[in-house]
Amino acid sequence: MAIQWFPGHMLETENLLIKEISRVDAVLEILDARLPLASANPFVDKLCKHKFRLKVLNKADLADPETTPLWLEYFEKNRIPALSTCGTESSQVFYALRDCVDKAVRNKARKLKIMVLGIPNTGKSTILNTLPGKNCQNRQFSCRYQTSAKSRPA
Ligand SMILES: Nc1nc2c(ncn2[C@@H]2O[C@H](COP(=O)(O)OP(=O)(O)OP(=O)(O)O)[C@@H](O)[C@H]2O)c(=O)[nH]1
Ligand SMILES: [Mg+2]
C-alpha cells in the first residue's frame with residue numbers, strides 16, 4: 001500500500017500561499033526559538049524570494065537565554081532579518097511587527113498587508129491574538145484573520 005506523505009490540505013495551503021504572497025507587503029515567519037532552523041519550512045524560502053520576510057523566533061521564554069542571542073547573531077551575519085519574541089507579551093509582539101513594517105515598507109502610506117505563517121504550534125494564533133491587545137499602542141495595527149486552509153485553523 002502506498003503511503004501518501006503529502007496530504008491534499010498541504011498542497012492546498014501551498015497553492016493558497018503562492019496565490020496570496022503577491023498581495024502582501026511582508027511576511028512574518030513564526031519559528032520556535034528553541035529550534036529556529038528545524039522549525040522553518042524550506043518552502044517559505046522559495047515563496048519569499050522577492051518579499052521582505054522577518055523571522056520571528058517565538059517562545060523565547062522557553063528557549064535557552066544564552067543560545068537565542070547566538071541565533072540572532074547567526075541570522076544577522078547572514079543578513080536575514082530576525083528577532084525573538086514571547087508571543088504572549090503584547091509589547092514584544094508589537095515591536096516585532098513594527099520592526100517588520102519599518103524595514104519592509106518604509107515609504108508606503110497605505111495600510112499594509114502582512115502574512116503570518118509558520119509550521120504548526122509555533123505560536124501564530126497567539127501572536128495574532130496578542131496583537132490587538134490592550135497594551136498594543138493605540139491599536140495602530142488591526143488584524144484581519146484568514147486561516148491558511150478552509151477546513152483547518154491556522
Ligand atoms: N511559553 C510560550 N508559549 C507560547 C508562546 N507562543 C505561543 N505559545 C503557546 O504555544 C501553543 C501553540 O500556540 P498557537 O498560537 O496555538 O500556535 P499556532 O502556530 O497557531 O498553531 P497551529 O494553529 O496549530 O499551527 C499554545 O499553547 C500557546 O499558548 C510563547 O511565546 N511562549
Ligand atoms: Mg493557530
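No lab work stands behind these numbers, since they all come straight from the coordinates. This structure is a prediction, so every number in the text was calculated from the model and none was measured. Virtual Cβ from ideal backbone geometry, glycine too; neighbours counted across all protein chains shown.
Here is how the numbers come out for the structure above:
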quantity: 22 Å Cα-Cα threshold exceeded, pairs from Lys51/Lys124; Lys19/Lys49; Lys19/Lys59; Lys59/Lys124; Lys51/Lys111; Lys55/Lys124; calculated: Lys19/Lys59
quantity: Given charges at Cβ of Lys, Arg, Asp, Glu: the stretch 18-139 dipole, positive-most of Leu72, Ile21, Ala96; calculated: Ile21
quantity: Relative exposure of Ile18, Ile3, Ile119, Ile127, judged by other C-beta atoms within 10 Å (fewest first); calculated: Ile3, Ile18, Ile119, Ile127
quantity: Full-stretch length increase - Asp102, Ser22 - with 0.36 nm per residue and alpha-carbon distance subtracted; calculated: 26.9 nm
quantity: Exposure proxy ranking, count of Cβ atoms within 10 Å, fewest first, for Glu76, Glu29, Glu66; calculated: Glu66, Glu76, Glu29
quantity: Loop trypsin sites (Lys or Arg not before Pro), the stretch 31-92 (other Cβ atoms within 10 Å of the site Cβ: 12 or fewer; DSSP); calculated: Lys49, Arg79
quantity: Alpha-carbon gyration tensor eigenvalues x 5, square-rooted, for the stretch 18-139, Å; calculated: 21, 18, 14
quantity: Gained length - Lys111 relative to Ile3, 0.36 nm times residue gap less alpha-carbon distance; calculated: 34.4 nm
quantity: Gain in span if fully extended, Glu12 to Ser91, counting 0.36 nm per residue against the direct Cα distance; calculated: 25.1 nm
quantity: Neighbour-count ranking [beta-carbon atoms within 10 angstrom, fewest first] of Phe6, Phe94; calculated: Phe6, Phe94
